[in-house]
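*Asks:* Attaching a single structure in structure tokens format; questions to follow.
The values are calculated or read from the model by the stated rules, or taken from the named source; none is laboratory data. Not measured: the values here are computed from a predicted model. Cβ: placed from backbone, ideal geometry, glycine included. Neighbour counts: every protein chain shown. Note: accessible area is taken over every heavy atom of the protein model, side chains too, but ligands, DNA and RNA are not part of it. Shrake-Rupley method; radii C 1.70, N 1.55, O 1.52, S 1.80 Å.
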Protein chains: 2
Amino acid sequence: MPITANNPNRKTWIKTPTNTDFPIQNIPFGVFLTRDDVITIGTRIGDTAIDLGALHQLGYFDEIPLTDDIFLQDSLNDFISDGKKTWRLVRNRIAEIFDTENDTLKTNKEHCKIVLFTLDEIEMQLPVTVGDYTDFYSSIEHATNVGTMFRDPDNALLPNWLHIPVGYHGRSSSIIPSGIPVHRPQGQKLINGTDKPIFGPSRLVDFELEMAFITTDANHLGEPIPIDEAEDYIFGLVLFNDWSARDIQKWEYVPLGPFLAKNFASSISPWIVTLDALEPYRVAGPKPLKEQLPYLQYKGDKSFDINLEVAIQPEKAKETIVSKSNFKHMYWNMSQQLAHHTINGCPVNSGDMMGSGTISGPTPDSYGSMLELSWRGEKPVPLKDGGSRKFIEDNDTVIMRGHCEKGGVRIGFGEVSTKLLPVFKK
Amino acid sequence: MPITANNPNRKTWIKTPTNTDFPIQNIPFGVFLTRDDVITIGTRIGDTAIDLGALHQLGYFDEIPLTDDIFLQDSLNDFISDGKKTWRLVRNRIAEIFDTENDTLKTNKEHCKIVLFTLDEIEMQLPVTVGDYTDFYSSIEHATNVGTMFRDPDNALLPNWLHIPVGYHGRSSSIIPSGIPVHRPQGQKLINGTDKPIFGPSRLVDFELEMAFITTDANHLGEPIPIDEAEDYIFGLVLFNDWSARDIQKWEYVPLGPFLAKNFASSISPWIVTLDALEPYRVAGPKPLKEQLPYLQYKGDKSFDINLEVAIQPEKAKETIVSKSNFKHMYWNMSQQLAHHTINGCPVNSGDMMGSGTISGPTPDSYGSMLELSWRGEKPVPLKDGGSRKFIEDNDTVIMRGHCEKGGVRIGFGEVSTKLLPVFKK
């Protein structure tokens, strides 16, 4: 089925700012609370939010086989379970409804009043109930930087790294949407040269610039997903800030991996941009440096050219962009990640989230964490207001943005913006 | 509120086999499919399953504030969200209904027909929808054995182990109830002396004898749970078999921990035995070998004396008990685990599951995994039928059982029994 929603020449009757992340070619999915305190599934064109629950009740999706309440839910999980064919039908239909050539809704003032919202009339929620969250470690630049700093510059990559899309399980319960502030975590830390840990606030709170993809129900217990089918089970992507406390991490992570250093919060952008919308931005991935096992070998372009940036905004000051990276730098792509995750028969469900791992680029201004940007704190990162940062300070806001651009069409993710509050006090 | 359900002198009008795990003092909670293909929440006395959904509809819980459909659900999550006071009221009331002194239900043949089932009329389901699953590593004997085998016998415990109840995140989607078979997983393995991994079936499939506790909604993002409140948020426990593929684990687990080696399956016993029911079996835990940070220090007895055993049953042969251990061996108790898990503000929700880690005892016949019992395969474990096992073979069934016993009352968990099938073929 053609993705007519992606037609680059289509224009919409909704007023859209120039250079918006959300032209009519995007049509992302999210969940929001409306001015009437109703929770609904919606989409966005320009700065207009669209209530898909209301649109469906008014009959605008009558030709698509959908249950009546599919959009009147507090998560996208059931819609995602409907599968790729349905997602495509719905996106194509939304593009039609808002096309300049179509004045059915446009001229129905009453319907418009029910269906359309300005952004300040809504409150974005978590778009899915995350069943399981997995974080990969798929940027070779990030893995090399970390290995250089903490192990051996001559053997920065561990022996398994070029063979396995290394990943580990994270915590679903602390995944939060953009806008929800996070408290500086407390925990155990070992001061260098001592052998007894102390307790207190983390002094090395960091962001990790990541993207995460969201899956549909993919397989049953025991069944692997072949790599050439993996993309059929990917609904879309969000920006992902994998908050990290480096001092807690260093003391706790051997031998079972990071735990409290990560599970205090992970922030995501609230609009899921579909894999279909990203179709025009496919690019070839990096050439494998070592031969990969057959279950990880793929055909065609499985990487995506998505520009990413991170800004730090101290309280009452202007933001400084501290990193510019790109999703295409990932050594292991999403198809490889999903094929690997299921090769042992691990079941993947609707609403599961899989993070890329920190997306560092090849140059020092493209590193995806303060750990790398400030090189363990040795090179403080200058800010516009005159200060500098080794790590994130109380009341700083960290903002991540991402967009693709080609042939005059820009598809973006909006942003994930999160303020770091001081330690929680009862 | 007193836990009258625990009265050791109470007798029931339900016929119960001698030495049952489920006397009227137990009253565990589970979810089952009835002979009429209805899913309901229930309990069990002796070999009789009791439909709590039907019992509630018939008015037997009218004096307890419960929503009408609280037991007519496919998981216990909402009931668990109701909190400890409600769990206690319901258990106390169930004890009353089935007390020999009470003939209201007993003499109502019609009600009995609706409410009571024999075990072969029902099919046990997963008792909760697991949001997040965490696995700890809290047995000092297990951690010492693993450290001795794979690192250094003189420094078997890692430096953080006596300070931190080490834990990591596991996969919720592959948690399955007793009775569901598991396929031998495939994956990458590195043959000793080579530097290129090969792909194939795991040759070292193992069980891990664990218990897991299930929580209620405990805290909000940012808020730690104080250790002396931790038990208020623990609903109950199950037996937990944390299936492991040792060859896959060895190649993948540095630096981010086990992933595909574990997430192909974890099996649980289907009846959740409440923490209330275990109250009479509290015992003091092991003395700390090093001083613990204040947030991990507790008062009173927080360990529980639960006898555990593991049996291997080859196809068409008798089972052999290969290990006898006890939950009281855990160096870190559940209160410490939950206080640690949330000290950074990580939110814990209803239905979350936390595994103890392999529960090995001090003697070689009390080790909780084949890795330890066969000492990496060096000492095959003899079976009754004449064979022996280094690890688990295709078509073997692994059975774990657990019970407490004191003053003539036995409270048990039933069993978790899982057959290992050959590699999945499409």
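*Asks:* Sort out which residues of the range B:35-78 are charged (D, E, K, R), more than 21 Å from the chain's Cα centre (by Cα) and assigned to a strand (DSSP E or B), and write them in order of number.
*Replies:* Answer for the range B:35-78, where residues must be charged (D, E, K, R), more than 21 Å from the chain's Cα centre (by Cα) and assigned to a strand (DSSP E or B): just B:ASP51.
*Asks:* Across the range B:271-302, which residue is farthest from the other protein chains (Cβ to nearest Cβ) among those that are more than 26 Å from B:ASN9 (Cβ to Cβ) and in contact with a strand residue (DSSP E or B) (Cβ under 6 Å, 6 or more places away or on another chain)?
*Replies:* Here the answer is B:GLY285.
*Asks:* Do you know which residues across the range A:236-254 are open to solvent by 10 Å² or more (accessible area, probe 1.4 Å) and more than 11 Å from chain B (Cβ to nearest Cβ)?
*Replies:* Passing the criteria: A:ARG246, A:ASP247.
*Asks:* Checking A:ARG184 against (1) in contact (Cβ under 8 Å) with a residue 40 or more places away in the chain; (2) charged (D, E, K, R); (3) away from chain B (no Cβ under 12 Å), which single condition isn't satisfied?
*Replies:* (3)
*Asks:* Hey, another quick one. Consider only pairs whose beta carbons are under 9 Å apart and that are at least six residues apart or on different chains; among these, list those whose first residue lies in the range B:349-361 and is farther than 12 Å from A:SER173 by Cβ and whose second residue is open to solvent by 10 Å² or more (accessible area, probe 1.4 Å) and among the basic types (Lys, Arg).
*Replies:* As it stands, the answer is B:GLY361/B:LYS324, since those pairs meet every condition given.
*Asks:* If I go through the range A:57-74 residue by residue, how many of them are open to solvent by 20 Å² or more (accessible area, probe 1.4 Å), on the phi < 0 side of the Ramachandran plot and out of contact with any Ser or Thr (no Cβ under 9 Å at 6 or more places or on another chain)?
*Replies:* Adding up the residues that qualify gives 7.
*Asks:* Residue check, A:GLY222 against (1) more than 30 Å from A:THR397 (Cβ to Cβ); (2) assigned to a strand (DSSP E or B); (3) small (Gly, Ala, Ser), all met but one. Which one?
*Replies:* (2)
*Asks:* To continue, here is another question. If B:GLY167 satisfies all but one of (1) free of Cβ contacts under 8 Å to residues at least 12 places away in the same chain; (2) within 7 Å of chain A (Cβ to nearest Cβ), what's the number of the condition it fails?
*Replies:* It is condition (1) that B:GLY167 fails.
*Asks:* So, one more: Show me the strands (runs of 3 or more DSSP E) entirely contained within the range B:329-425 in which 1 or more residues are in contact with a Ser or Thr (Cβ under 7 Å, 6 or more places away or on another chain) and open to solvent by 30 Å² or more (accessible area, probe 1.4 Å).
*Replies:* Correct list: B:409-421.
*Asks:* Any chance you could count how many residues in the range A:198-217 are touching a residue at least 40 places away in the same chain (Cβ under 8 Å), within 11 Å of chain B (Cβ to nearest Cβ) and surrounded by fewer than 21 Cβ atoms within 10 Å (Cβ to Cβ)?
*Replies:* Of the residues in that region, 2 qualify.
*Asks:* Just one of (1) aromatic (Phe, Trp, Tyr); (2) within 14 Å of B:GLY414 (Cβ to Cβ); (3) open to solvent by 10 Å² or more (accessible area, probe 1.4 Å) trips up B:TRP13, so point out which.
*Replies:* (2)
*Asks:* Turning to a different aspect of this structure: Sort through A:ASP232, A:ASP195, A:ASP228 and tell me the only one that's open to solvent by 20 Å² or more (accessible area, probe 1.4 Å), at the interface with chain B (Cβ under 10 Å from one of its Cβ atoms) and of a type in the set (Asp, Glu).
*Replies:* Among A:ASP232, A:ASP195, A:ASP228, only A:ASP195 is open to solvent by 20 Å² or more (accessible area, probe 1.4 Å), at the interface with chain B (Cβ under 10 Å from one of its Cβ atoms) and of a type in the set (Asp, Glu).
*Asks:* Moving on. For B:PHE150, which of the numbered conditions (1) in the same structural domain as B:THR363 (by TED's automatic domain parsing); (2) open to solvent by 20 Å² or more (accessible area, probe 1.4 Å); (3) hydrophobic (A, V, I, L, M, F, W, C); (4) in contact with a helix residue (DSSP H, G or I) (Cβ under 7 Å, 6 or more places away or on another chain) fails to hold?
*Replies:* The failed condition is (4).
*Asks:* So B:SER138 fits all but one of (1) within 30 Å of B:PHE304 (Cβ to Cβ); (2) open to solvent by less than 10 Å² (accessible area, probe 1.4 Å); (3) outside the structural domain of B:LYS406 (by TED's automatic domain parsing); what number is the exception?
*Replies:* Unmet condition: (3).
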